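A short write-up of the structure that comes next.
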Protein chains: 10
Amino acid sequence: MPDPSLLETFPTPAETPFVVEHVQEEFTSVCPETGHPDFGEVTVLFEPRSKSAGGVCVELKSLKLYLQSFRNEGIYYEAVTNRIRDDLAACMGPAWLLIVTDWKGRGGIRSTIRAAHGEVPIEWMR
Amino acid sequence: MPDPSLLETFPTPAETPFVVEHVQEEFTSVCPETGHPDFGEVTVLFEPRSKSAGGVCVELKSLKLYLQSFRNEGIYYEAVTNRIRDDLAACMGPAWLLIVTDWKGRGGIRSTIRAAHGEVPIEWMR
Amino acid sequence: MPDPSLLETFPTPAETPFVVEHVQEEFTSVCPETGHPDFGEVTVLFEPRSKSAGGVCVELKSLKLYLQSFRNEGIYYEAVTNRIRDDLAACMGPAWLLIVTDWKGRGGIRSTIRAAHGEVPIEWMR
Amino acid sequence: MPDPSLLETFPTPAETPFVVEHVQEEFTSVCPETGHPDFGEVTVLFEPRSKSAGGVCVELKSLKLYLQSFRNEGIYYEAVTNRIRDDLAACMGPAWLLIVTDWKGRGGIRSTIRAAHGEVPIEWMR
Amino acid sequence: MPDPSLLETFPTPAETPFVVEHVQEEFTSVCPETGHPDFGEVTVLFEPRSKSAGGVCVELKSLKLYLQSFRNEGIYYEAVTNRIRDDLAACMGPAWLLIVTDWKGRGGIRSTIRAAHGEVPIEWMR
Amino acid sequence: MPDPSLLETFPTPAETPFVVEHVQEEFTSVCPETGHPDFGEVTVLFEPRSKSAGGVCVELKSLKLYLQSFRNEGIYYEAVTNRIRDDLAACMGPAWLLIVTDWKGRGGIRSTIRAAHGEVPIEWMR
Amino acid sequence: MPDPSLLETFPTPAETPFVVEHVQEEFTSVCPETGHPDFGEVTVLFEPRSKSAGGVCVELKSLKLYLQSFRNEGIYYEAVTNRIRDDLAACMGPAWLLIVTDWKGRGGIRSTIRAAHGEVPIEWMR
Amino acid sequence: MPDPSLLETFPTPAETPFVVEHVQEEFTSVCPETGHPDFGEVTVLFEPRSKSAGGVCVELKSLKLYLQSFRNEGIYYEAVTNRIRDDLAACMGPAWLLIVTDWKGRGGIRSTIRAAHGEVPIEWMR
Amino acid sequence: MPDPSLLETFPTPAETPFVVEHVQEEFTSVCPETGHPDFGEVTVLFEPRSKSAGGVCVELKSLKLYLQSFRNEGIYYEAVTNRIRDDLAACMGPAWLLIVTDWKGRGGIRSTIRAAHGEVPIEWMR
Amino acid sequence: MPDPSLLETFPTPAETPFVVEHVQEEFTSVCPETGHPDFGEVTVLFEPRSKSAGGVCVELKSLKLYLQSFRNEGIYYEAVTNRIRDDLAACMGPAWLLIVTDWKGRGGIRSTIRAAHGEVPIEWMR
């Protein structure tokens, strides 16, 4: 089951702002209605707060384990996306954060869901 | 024949705004002049109203059945696009909504039609 | 319903052998179990008999109308492919004929079916 | 020779604004200097005026015939583009209109020409 | 755990030979050493025996459920491939059968494993 | 109208065999039934006879002019292909020759026609 | 050596503004340090002044000859780009002009240089 | 170990502003935790100050050697990106500078990090 | 330095033959002449002997460590390829083995080297 | 002018046969009729004789300089291809050798020429 306690962080290495993007191409969870697996890609895009403001970045291996914890969870696309946004916002307190999930087709329809925390600058919207 | 009563919704799971995109790659209707089938791709892009404002999202399977209901309808590109826009706007009352239809070539010309409801932010125009 | 009487032919214009390939990218029929539409691509590849042997080619517009006649037929992938092979073999009596159908994914699985008539040379197998 | 009298229109089906794009991938005219054929792709992008304002859309088959009327015309890239812009602006009176012509390479140089009518919003510039 | 009892078949619809290919793009199992999930694509390619010889084809939905049964199994690439080959050969008794598994990168190395049953003609090797 | 007198040749520069392939991506002729233009790509693939055997190659600019001479000819796909094969075989007397024409979609069907002269080795068939 | 006297122009055919883009994919010059050839692609993008303001466009064949005059010139990437910008700005006096040069890799690094004349609108920056 | 003393510059050749982009597709360093190599692509994008303001550009071969000096350094993604940004900003004093690093997948996650110096105009953000 | 003692194997899981392919996309060594790094992709393709004949497969992680051991070795393309072929043939004693190395461009030339052990069937040559 | 004395070789490092392929993507010569530059890609594919038979491989940098020596030579496509074949066959005495030249479009026609020395196995023909 989704486990945010798996997430770890490290202090941002810079005073000047920078932007980080992680793309997990191998995400899977389970459709709560049919019990069939869903497959997708999760993009995590954020700007950490500056070093002097105590900014942190999510540690890559811990992010991987956290995303794997959805593997056998019955959960909707929209809920996955909002849940990841909430968990990462809580753990990093970033300047802003954008979560994008791209789902492979189901019944001929493929879907993309975006959930934001804070003010995502227009050039990072995708 | 197009049947909006097939559409179902569920409450948006979040207070913070998010953006949903569904792409049906296998849409077909019939050209009202020649009787030949038309084939295209339909993109539904919207931002639901927030949870406390009673925001809802269209349910994926019901969207599929609704789009299938155009299968044997004789209807123009422009009318398909406006019809889907109107039906989804009525059923979801979203913050904004964009419908894009991409049609395979007919006589060497391929066409794309966009119809919007409300103010679509510039970064979502496509 | 599939209607082979729609197929028309014209005499092959050459004594020397040649090879013809038609690809219909917009084929649709209906799944006999679920009633949901199937979408695919149909490839018709053949070598007509020579002119002096009375060889004929299928006429393009009649092929289009014949393929459209499957639109609302409930029929399995394998049956579609064998049916088209039989109907075209009967109407053209070609030196050899290969039918390939490529089906868009259903439940995450996409399928390709090939059915041959006569001896298809190895370089035309696909 | 280019014949704008071939163009026909139909009333826009909607009060709310929408955007239409037609791409003819098989355009050909003749270079007035060398007499050699030119090949290119013509994109017609416009927003019709609203229904109550008497807005109209160009009819697809008439557009095809109009574009075919350039087939044996000796005419420069820039003149083709401005001519189509003028003819379509006159026949539709759209809110705005953008014509883009993409020409296959000649002497190793490929060219793109854009001509606008009215104020084309920045998100539609291409 | 992998469950071949999920597999169902139907009689081949033709006397003449034909070739079937199913590609499941969303396969996942678990690495028995690290416990991390593996993701890959499974291709099933076969020629059923003829109708009068009692030939059968695997039913698509049952194939999907069978492949899903590997989801939480700790199993190596090579074993997955041989297991699927054995289970499908046993259930269909095909003229020949080829299983190809393509695995996403692990440690920068991506792998493909092929296992055959019977004599796979050279033009179908991939 | 197709004019083989436009074709010119030059002596092959080598005693050892070699293989030449010319691809004209901008071919156009006219459908004899509808009067609408057809667009396609013509591939000319051949092995000239050796220098001492009087082998010749078609000159590139003359090939271009010859292919342009089909521009306003009403002629079927199959006839174009056989005509070019015959004209080039007559003018070059090659060891072997293959003509492939790829036609853009008409009514959703795209076609490829191949016509050969002499024994085309299997590795050059396409 | 680069020879701007090769450049010729013709009057812009329109009063309304339009945008022209020429892409030469086959540009070559010589590295002044190593003497090895450099290969790249040159994009010329501009808006001519209006017809009544005496606007002109560069003639395509003269542009080709001008760009060919760099063939054996020893010159840096940055200097090529600024030189073309200056020569074309002087010869056309455009509303604005953008030169982009894309260079194939040297030592594993590929480079792109942009030089502008006047105010290039943001939608044309690339 | 990263050695900024390898970096050399040359005076910008122009008074008017221009934009330079270098992409090193073959960057490698070492993960400080696992000791395994990391592979990525480094993009350096900047606008030099004008010639009269003493603007300089980084010399291409020196940039290559500088980037090679990370080869056996144990260093995190984020630190690599900020380090290159700092070293190049110090050596060029550009109007603005953007460093983008794209890292191949590790554990199924691929990452992109961006670090800026000065005000990067929105059209150059990537 | 290349260290074949890093290679480990496991018994092949099947009596029937199968074919294994591993592609390491992130290979790097050093040019012995210039000292600059080389980057490439290494493909290992083999058929293990059968289980009862004592066939073994190379273990994936040990292959990764072995390939990493070339990182700081000064060695030519051809020698890398033959060395890997020899080391893997010695450690696995396969029915046959093919090593393919694809090298990124150096001086505008990209290279591919293949070295075989035993009789590689024609359908596996690449 | 083409200068085969630039070519250098080194002894093949292996007794067992292997296959080498070099692709120069940046080849240029001059059309002897029009004086305009031609641009293309040159592929050199060969199997050196074995080590004990005195087999040699062409050295990469010398190949680059040799190919650059065609830069300002007025020479036809066919002659370039046969010339390179002859020069490399003379300098290496390989088991077999294949030269393929791919030329960018001229007048809308792109060409590929192949010239062989010895018996090129069918799997290497391209």
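Okay, here's what the table says:
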read-out	value
Tabulated pairs, segment I:99-111, first facing chain J (nearest Cβ under 7 Å), second of a type in the set (K, R), C-beta under 6 angstrom, 6+ apart or interchain	I:G107/J:K64; I:I109/J:K64
Only listed residue being in a strand (DSSP E or B), in contact with an Asp or Glu (Cβ under 6 Å, 6 or more places away or on another chain), at pLDDT 95 or above and not β-branched (V, I, T), chosen from B:S62, B:S29, B:S111	B:S29
Any hit, segment C:88-98, residues being within 9 Å of another protein chain (Cβ to nearest Cβ), in contact (Cβ under 8 Å) with a residue 24 or more places away in the chain and either part of a strand (DSSP E or B) or over 18 Å from B:E25 (Cβ atoms) (or both)	no
Segment G:56-95: number of residues that are surrounded by fewer than 18 Cβ atoms within 10 Å (Cβ to Cβ) and among the charged types (D, E, K, R)	4
Qualifying positions in segment G:1-26 - within 19 Å of G:R71 (Cβ to Cβ), touching a Phe, Trp or Tyr at 6+ places or on another chain (Cβ under 7 Å) and not acidic (D, E)	G:P2, G:P4, G:L6, G:L7
One residue from H:F46, H:F39 being surrounded by 15 or more Cβ atoms within 10 Å (Cβ to Cβ), touching a Phe, Trp or Tyr at 6+ places or on another chain (Cβ under 8 Å), within 14 Å of chain G (Cβ to nearest Cβ) and within 27 Å of H:G118 (Cα to Cα)	H:F46
When residues of segment J:85-108 are limited to those that are charged (D, E, K, R) and out of contact with any Cys (no Cβ under 9 Å at 6 or more places or on another chain), the one modelled with the lowest pLDDT	J:K104
Check on E:L7, modelled with pLDDT of 95 or more, over 24 Å from A:K104 (Cα atoms) and not β-branched (V, I, T)	yes
Tally, over segment J:29-53, of residues that are in contact (Cβ under 8 Å) with a residue 24 or more places away in the chain and closer than 29 Å to J:A95 by Cα	14
Residue count for segment J:39-59, restricted to those that are of a type in the set (D, E), closer than 21 Å to J:T12 by Cβ and assigned to a strand (DSSP E or B)	1
Hits in segment A:24-36 (condition: in contact with a strand residue (DSSP E or B) (Cβ under 8 Å, 6 or more places away or on another chain) and surrounded by fewer than 19 Cβ atoms within 10 Å (Cβ to Cβ))	A:E25, A:V30, A:C31, A:P32, A:G35, A:H36
Out of H:E78, H:E21, H:E119, H:E26, sole residue that is within 7 Å of another protein chain (Cβ to nearest Cβ) and without any contact (Cβ under 8 Å) to a residue 24 or more places away in the chain	H:E26
Given (1) in contact with a helix residue (DSSP H, G or I) (Cβ under 7 Å, 6 or more places away or on another chain); (2) under 29 Å from A:G35 (Cβ atoms); (3) within 14 Å of chain I (Cβ to nearest Cβ), index of the condition E:Y66 fails	(3)
Considering residues of segment C:17-26 that are in a strand (DSSP E or B) and modelled with pLDDT under 95 only, the residue farthest from C:G118 (Cα to Cα)	C:E26
Residue that is more than 11 Å from chain D (Cβ to nearest Cβ) and either at pLDDT below 95 or buried (at least 20 other Cβ atoms within 10 Å of the Cβ) (or both), where the choices are G:A14, G:A53	G:A53
Condition check for J:F10: over 15 Å from the mean Cα position of the chain (by Cα) and in a strand (DSSP E or B)	yes
Conditions (1) small (G, A, S); (2) within 29 Å of C:G40 (Cα to Cα); (3) surrounded by fewer than 19 Cβ atoms within 10 Å (Cβ to Cβ); number of the one not met by F:S111	(3)
Test result for B:E73, free of Cβ contacts under 8 Å to residues at least 12 places away in the same chain and either over 12 Å from the mean Cα position of the chain (by Cα) or closer than 24 Å to B:S5 by Cβ (or both)	no
Count of segment I:73-113 residues which are of a type in the set (S, T, N, Q) and touching a His at 6+ places or on another chain (Cβ under 7 Å)	1
From the options J:T101, J:T34, J:T43, residue that is over 20 Å from I:S111 (Cα atoms) and of a type in the set (V, I, T)	J:T34
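Residue-wise test of (1) under 17 Å from H:E21 (Cβ atoms); (2) under 12 Å from the mean Cα position of the chain (by Cα); (3) of a type in the set (D, E, K, R).
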residue	(1), (2), (3)
G:H22	no, yes, no
G:F46	no, yes, no
G:D87	no, yes, yes
G:T101	yes, yes, no
G:P121	no, no, no
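The values are calculated or read from the model by the stated rules, or taken from the named source; none is laboratory data. Since the model is a prediction, treat every value here as computed from it, not as a measurement. Cβ: placed from backbone, ideal geometry, glycine included. Neighbour counts: every protein chain shown.
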